[in-house]
1. Across the range 45-67, what is the number of residues that are at pLDDT 95 or above and either over 17 Å from the mean Cα position of the chain (by Cα) or of a type in the set (A, V, I, L, M) (or both)?
2. Going residue by residue through the range 23-36, is there one that turns out to be modelled with pLDDT of 95 or more and in a loop (DSSP other than H, G, I, E, B)?
3. Filter the range 239-268 down to residues that are aliphatic (A, V, I, L, M) and out of contact with any Pro (no Cβ under 7 Å at 6 or more places or on another chain) and give me whichever is surrounded by the fewest Cβ atoms within 10 Å (Cβ to Cβ).
4. Looking at the range 111-130, which of its residues are assigned to a loop (DSSP other than H, G, I, E, B) and farther than 15 Å from Trp176 by Cβ?
5. For the range 196-255, give me each residue that is of a type in the set (Phe, Trp, Tyr) and within 21 Å of Gly285 (Cβ to Cβ).
6. Output the number of the condition that Pro39 fails; it satisfies all remaining conditions of (1) outside any loop (DSSP other than H, G, I, E, B); (2) within 14 Å of the chain's Cα centre (by Cα).
7. Specify the residue that is surrounded by the most Cβ atoms within 10 Å (Cβ to Cβ); the eligible residues are those in the range 56-109 that are part of a loop (DSSP other than H, G, I, E, B) and of a type in the set (A, V, I, L, M).
Amino acid sequence: MTQTSSSIAAVARLLAAIVLAASAWGSAGATSAATFTNPIVQASPDTGSADPSVVFHRGYYYYCRSLGARAIGVARARRLQDIGAAPMVTVFSPPADSPYGREVWAPELQRIRGRWYIYFAASDGINANHRMYALQAAGDDPQGRYAFKGRVGDESDRWAIDGVALELRGKLYFVWSGWPQAKGDFPQVLYIAAMRDPWTIAGPRHLLAAPEHTWERAVAPLLEGPEPLARRGRMHLVYSAGASWSDDYALGVLTYRGGDPLRSTSWVKQPQPAFAKSGDAQAFGVGHASFVRSPDGHEDWIVYHATDRPGAGWRGRSVRAQRFGWTGDDRPDFGRPVAIGVPIEAPSGTAGATVERPPRTPGATSGAAGSRQPCVRRNTSIRLLAGMSKRCSKLRPTCSAAATTSARRRTPHAGFRPRRSASKATLPGAVGSPSTTYGP
């Protein structure tokens with residue numbers, strides 16, 4: 001009997017050692033591969049890291065940004081959390097003495113009808129001379145050569161920034177932020193115009209939206225950075241509002257409800273901010289979002305910029321990312337910013353991620369909110385222990401699977417909200433991001 005007890009004790013000690021080793025190994029793997037923390041792009045010393053434009057295409061995330069306000073670069077990474085560490089390739093450097101050689105702001109990488117384009121705002125060094133311009137890729141490589149296609153503007157030839165192409169009902173439109181008069185700075189409003197091709201506007205500009213709500217007029221009355229976001233045939237424009245250099249910069253949503261897209265009455269504006277600052281999360285000046293899919297196509301992610309402290313201004317902006325969901329009537333539900341340093345589960349399908357997702361529901365073009373459960377880092381030793389408990393049932397006849405199941409439950413992170421039922425004076429920024437129908 002004594003010998004049997006000693007054997008059981010020895011086996012128990014061996015199992016405990018194996019579990020501890022597996023726990024340490026699994027924990028380290030989860031931290032490096034399955035989770036990440038914000039920010040994913042640190043603030044650049046001189047200009048900050050603002051206006052992230054990110055596109056997911058054929059297994060890679062492409063990150064486009066302004067380089068010192070004098071050039072445009074594109075980085076490529078397999079994992080979303082690595083875009084800030086990936087090599088940045090300069091794809092365009094305008095002549096310094098040209099009308100578009102300085103103050104290069106918020107380049108927007110888009111894939112439109114099978115071709116890559118970059119829209120950007122630039123001037124000759126005088127803010128009032130900012131206009132929108134377009135580049136067209138020579139091939140199918142976002143990091144390759146681009147041809148300069150010229151100015152993208154209407155006949156008014158007035159101040160313009162943050163332009164983005166929008167495809168709706170088979171037709172192309174251009175949406176941007178501009179001044180109503182020849183001279184500004186405020187108000188800044190959103191305009192829309194029809195396009196003949198991805199670099200040519202056909203017809204006059206039409207007022208789409210103006211800063212009417214109190215939060216849209218925080219410090220300065222302006223709307224900018226429109227970004228298309230579509231799901232199940234419903235089109236939204238997510239825009240930034242308020243002063244970009246203030247803590248109260250926030251995201252709003254315009255939703256197309258039918259009719260002529262050039263008429264403002266064909267769009268409805270959400271009265272409250274869709275995504276705003278959170279002191280607890282060290283997120284101030286939240287804005288300029290991009291939207292991408294996870295590698296397996298099951299999740300939707302927002303990539304945006306924010307500062308980590310009040311009053312940090314433009315130079316303090318860094319890039320962050322987190323998952324978001326949808327309401328019952330297919331409106332985006334961004335929740336709240338996830339705090340700096342809180343582990344976030346990597347996009348599903350990312351190399352090193354440990355969760356297997358169920359097959360996507362047919363017809364869900366941007367992931368189903370009901371099946372999305374954001375989670376914190378997982379402990380793989382629990383799964384190992386569960387397997388051992390079956391093999392060691394003779395030694396531990398009272399082992400319960402219920403405890404293991406409970407331990408496996410994932411906890412949503414603070415920035416996620418459950419699905420709801422249907423019931424700049426001189427340097428305003430711009431949004432960056434994907435094509436109208438984003439994804440692989």
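1. The total comes to 5.
2. Looking through the range 23-36, none of the residues is modelled with pLDDT of 95 or more and in a loop (DSSP other than H, G, I, E, B).
3. In the first step, residues of the range 239-268 are kept if they are aliphatic (A, V, I, L, M); the result is 241, 243, 250-251, 253-254, 262, 268.
When the remaining residues are screened for being out of contact with any Pro (no Cβ under 7 Å at 6 or more places or on another chain), the result is 243, 254, 262, 268.
On the way: Ala243: 20, Leu254: 22, Leu262: 17, Val268: 12.
Going through the qualifying residues, I end up with Val268.
4. Correct list: Arg113, Gly114, Asp124, Gly125, Ile126.
5. Matches in the range 196-255: Trp215, Tyr239, Trp245, Tyr249.
6. If we test Pro39 against (1) outside any loop (DSSP other than H, G, I, E, B); (2) within 14 Å of the chain's Cα centre (by Cα), just (1) comes out false.
7. Ile83
The values are calculated or read from the model by the stated rules, or taken from the named source; none is laboratory data. None of these values were measured; they are calculated from a predicted model. Here the Cβ is made from the backbone with ideal geometry for all residues, glycine too, and neighbour counts use every protein chain on show.
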